[in-house]
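Scroll down for the structure; my scribbles are underneath it.
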Amino acid sequence: MKTDIAKMRNIGISAHIDSGKTTLTERILFYCKKIHKIHEVKGKDGVGATMDSMDLERERGITIASATTNVQWADHSINIIDTPGHVDFTIEVERSLRVLDGAVLVLCSVGGVQSQTITVDRQLKRYRVPRIAFINKLDRTGANPYKVKDQLVEKLGHNAVLMQIPIGLESNLRGIVDLTSMKAYYFDGPDGEIIREEEIPFGLLEEARRKREEMLDSVSMASDELMTAVLEDRATEDLIHKAVRKGTISRELTPVFMGSAYKNKGIQLLLDGVVRYLPDPSDVESTALDLENEGHETKLKADPSAPTVALAFKLEDGPYGQLTYIRIYQGRIQKGSELFNNRSRQRFKVGRLVRMHADSMEDIQEAECGDIVALFGIECASGDTFVTPGLNLTMTSIYVPEPVISLAINPADNASADRMAKALLRFTKEDPTFRSYVDPESNETIIQGMGELHLDVYIERMKREYRAEVLTGKPQVAYREAIVRKVDFDYTHKKQTGGAGQFARVIGSLEPLAKGNYEFVNNVKGGRIPKEFIPACDRGFQTGLKKGQLIGFPVIGIRVTLDDGQSHPVDSSDLAFQTAAQGAFRQAYPKAKPQILEPIMKVSVEGPTEFAGHVFGSINQRRGVIASSIEDGTFSRVDAEVPLAEMFGYSTVLRSLTQGKAEFTMEFLKYGRVPGQVAEFLMAKQQEKRKKGASK
Amino acid sequence: MVNTEIIQRSPIRNLEKSIHGGLGKGNIGVLASRKGVGKTACLVHIATDKLLQKRPVIHVSYASRVDYIITWYEEILKELSKKKGMKAASEFHDDIIKNRVIMNFNQDGAKTEQVLRSLEAMIIHGNFAADTIIVDGFDFVQGTPEDIRKFKEFAARLGLEVWFSASLKGDDPLFDDKGVAFMLHNYLGTIDVLISLRHESGIVRLDLVKAHDLPVSDKLRLRLDPKTLLIAKAGNPPVRE
């Protein structure tokens, strides 16, 4: 089935973990007739919501992997990309955001804007995703959509505009008033599937009129046409829709919808909003890097007849083999056509092309630009670009943060060893922030990731999906080393052992670099070091950087300047200069006042105000620096900077300190200097390790 | 210029001299003016002066967003370093972050008792040895002298000095003939140092109205630089461009 690009929507549903995102998605699928029965999260009926396809997710009641599903609403084709809410799985979110054209930001009408909402919103901002807000759970005790709307303005800086008001709240929630049509809507039938339109109840009319004025005031700022119409008292529904759409796409305003997914209220109106206000793929500008033009950005055309450009944004090991989710940015993909993977430089043929619903699929013959579909049996990694052969474009590389934590793992038995290897291969392909390697010193497999929970989930998945039992070591922080002082070096490498000798001399300096990890400056004049040996010097220094001399972690923030040197017509070689550079680095580094750096995390703790003291105390004990605390009635949030090394097990501590009522999120902020005592401890440990290694 | 020299030459030293050696522990200082005259800038300047001396400060705000307050500090530090040729502002930046905590309260929801409880939790459980509290945005119309008295008791008990800003509302005249804002008459007994900020022929003048029940010896020769929003000595008139 072909869809006009103007009737296509690629949307994400982003939210704080408990705001009812999965329930909302479930209802959307139901009303779009994708599923025939509603299941609840943590399934009371034992089935679980349809979008959570992994057992683990079902058990924890959270969504980890982003499944995508296609639905039809009001003659429009909507691809929903279910984005995970927990910050530990940031890369999954970021990758999903990349392929979205718009998003629904779900908020809890009681909890409002919480720290994860802020994180998710910041990510949406980074990818310039237009959004509409949905205030969920109006049926809950303490529901206050007006407060949440104010928080959208104050805490997130959105120009939030209420498009609706509730009819009744909490257990009295009966329906929704739409401020554009000025009608009341009720949701009848056992699952709220029958929509009844009525006049606004008399008691609410005054309030509705006032809120409509407010709405028109804000919306008309985005459209001169509407402004004039409002002044002349002839603002039609169409004009309002047009203005809201314009304002939403330019991200000047955020229309706010509301309802209760659990009570089946307001979802259909939200879907109307998605179709009306969120952009279609042609409204959004996409760019790719032109490899033939030094990687300059080039605009893509949302034109099905143009050459194909598609991005593989998600791999999944399904029950039917490997699935590759792709977003087509330009051109079309047909079953049986040939595509080229620009990273692996390989051609492949499109075998099966499918449209996905969380756990079921539909075979299709063709898909056009703007669409999100999946391919079967394609050998690739996530983030790869597929193009029509001959085209040399690649989608910009997705921003991948460096892992901050590592853990040694060992298979519990021989059978598990193979399975573990298989699982690791899969996970590292799926998730670029998850890495694994074998430590040559200890011969242990090390996995690296973005946080404790991130690694925990993969270890769980190894057990469940691959039946690989693994033993884990203690989590290890990814330290770095850096220098403080500029030092000069002058090092000669000379070797005469019969046959061809080796000779190289390098003179220059090491100095701290404020921005960036490494810079190599070549100042050698007059061929004192022949040109062909300069890259070898660079390589030699880079080898030295891989392992600092304090605790064996990589050295960052350093500039190496090569000023002078000496060579020998016969004995100088690439190897000689590389060795000389390594020697120079080894000699100069200790004089440059090296120090140990550790990852500092930005930590946000949220919970009832009564526990603020405990939270302050727990951060203080962890060498943390509190930046701010915000109290809003009974609810408080503390933002702090805390070394990652001190954050292990914090979730357990926090739970017991606050009777499970507080929660925290963290993300990498920067590298900071390790205090003297801790540095000494780390160095002593490293020496011990070296001694052990030597005595082996 | 080295740090100590900046501190010594700061106009805040003039202020301290005029109020007989500074605000002092257990005392309440108030900067009063209409909205938008520069109270927050003054408070942040006073706080930054402490922070440059590595003295911890808690900045309590009743209204503004945290990032907005942080921007104030960054701006004031930037202006200070420009003016004084301080080496790199970034050097002090870390010290400032380490010694500053911003606590934000929504006054509708936060009673003075609750604010003080949270402050105490920060100082004691958070082990944050503040000696200055900056309180911006306290509503002197909604609040009562009793609130300020509680702050004062708290300050005395924990050895803190507390600077408030008071936003003056209503029609002119705002001040009586002694320069005390009518709005603050009820509060005068609990306030130790009172400074009024007033627009006068294009500059903002800082007038010392009360100083520890001692006679206000001479005019506080300070003004607010309209360009940098820093407190400046009143001697040289502002440069016009």
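No value in this document is a laboratory result; all are computed from the given coordinates. Note that the structure is predicted; figures quoted are calculated from it, not measured. Cβ placement follows ideal geometry from the backbone for every residue including glycine, while neighbour counts extend to all protein chains displayed.
Overview of values
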| item | result |
| --- | --- |
| Where Rh is the Kirkwood radius over Cα pairs, Rg/Rh for the range A:484-593 | 0.98 |
| Per-residue mean of C-beta atoms belonging to partner chains within 10 Å, peptide A:616-628 | 5 |
| Sparse-neighbour loop sites [trypsin sites (Lys or Arg not before Pro); the range B:5-47; at most 15 other C-beta within 10 Å; DSSP] | B:K25, B:K35 |
| Out-of-range pairs (alpha-carbon distance over 18 Å; input B:K50/B:K150; A:K314/A:K670; A:K149/A:K602; A:K33/A:K137; B:K50/B:K78) | B:K50/B:K150; A:K314/A:K670; A:K149/A:K602; A:K33/A:K137 |
| Residues A:L97, A:L353 arranged by fewest to most Cβ contacts within 10 Å | A:L353, A:L97 |
| Charge tally in the Cβ shell below 10 Å around A:P255, where Lys, Arg are +1 and Asp, Glu are -1, A:P255 excluded | +3 |
| Within the protein assembly as shown, percent of DSSP bridges classed antiparallel, to nearest 5 | 70 percent |
| The range A:287-395, Cα convex hull volume normalised per residue, Å³ | 87 Å³ |
| Amide proton proximity set for A:A412, modelled H, under 5 Å, gap of 5+ | A:E469, A:V470, A:L471 |
| Inter-part distance where the range B:171-200 and the range A:96-157 are each reduced to a Cα centre, Å | 43 Å |
| Estimated vicinal HN-Hα couplings, Hz - the range A:464-481 in sequence order (Karplus 6.51, -1.76, 1.60; Gly, Pro = x) | 6, 8, 10, 6, 9, 7, 10, 9, 10, x, 7, x, 10, 7, 7, 6, 9, 10 |
| In the range A:140-183, trypsin sites (Lys or Arg not before Pro) in a DSSP loop with at most 16 other beta-carbon atoms within 10 Å | A:R174 |
| Sequence-distant residues sharing a close amide H with B:N106 (under 5 Å, placed H) | A:E631, A:G633 |
| Computed FRET value (nearest 0.05) for A:K531 with A:K486, which takes r as the C-beta separation and R₀ as 22 Å | 0.25 |
| Equivalent ellipsoid semi-axes - Cα gyration tensor, the protein assembly as shown, angstrom | 48, 45, 27 |
| ³J(HN,Hα), Karplus 6.51/-1.76/1.60, whole Hz, each residue of the range B:146-159, x for Gly, Pro | 4, 4, 5, 4, 5, 4, 5, 4, 4, 4, 5, 5, 9, x |
| The range A:172-212 and the range A:457-507: distance between their alpha carbon centers, rounded to Å | 65 Å |
| Local electrostatic count, B:V44, Cβ distance below 13 Å [Lys/Arg +1, Asp/Glu -1] | -1 |
| Chain B, relative contact order in percent, only Cα pairs under 8 angstrom and at least six apart counted | 30 percent |
| Average beta carbon contacts from partner chains per residue of A:638-651, 10 Å cutoff | 1 |
| Cα centroid separation, the range B:12-31 to the range B:103-132 (Å) | 22 Å |
| Per-residue mean of C-beta atoms belonging to partner chains within 10 Å, peptide B:110-119 | 2 |
| The range A:130-136 - phi-based ³J(HN,Hα) in whole Hz, Karplus 6.51/-1.76/1.60, Gly and Pro as x | x, 9, 10, 9, 10, 8, 9 |
| Cross-link pairs B:K39/B:K98; A:K125/B:K39; A:K242/A:K335; A:K486/A:K691; A:K422/A:K474; A:K21/A:K211 - those with Cα-Cα distance over 29 Å | A:K125/B:K39; A:K242/A:K335; A:K486/A:K691 |
| Nearest-20 debye value, the protein assembly as shown charge dipole, Cβ charges on Lys, Arg, Asp, Glu | 2940 debye |
| Separation of the A:L471 and A:D290 label points, Cα + 7 Å toward Cβ, nm | 5.8 nm |
| Ranked list, fewest to most other Cβ atoms within 10 Å of each Cβ, for A:V256, A:V161 | A:V256, A:V161 |
| Extreme residue, positive dipole direction of the range A:376-509, given options A:G383, A:G473, A:S442 (C-beta unit charges) | A:S442 |
| Label-point separation, A:R673 to A:R655 (7 Å along Cα→Cβ), nm | 3.8 nm |
| Those aspartates and glutamates that a straight Cα-Cα span of less than 18 Å connects to B:K178, excepting residues fewer than 8 apart in one chain | B:D192, B:E200, B:D207, B:D213, B:D218 |
| Neighbour cut-off at most 10 other Cβ (10 Å), DSSP loop, GluC sites (Glu not before Pro), the range A:200-265 | A:E232 |
| Set of aspartates and glutamates with alpha-carbon distance to A:K147 below 17 Å, sequence-local pairs under 8 removed | A:D139, A:E170, A:E207, A:E214, A:E631, A:D632, B:D108 |
| Per residue convex hull volume, Cα atoms of the range A:329-479, in Å³ | 152 Å³ |
| Taking only Cα atoms of chain B, radius of gyration then Dmax in Å | 17.0, 51 |
| Fewest-first sequence of A:H16, A:H493 by Cβ atoms within 10 Å of each Cβ | A:H493, A:H16 |
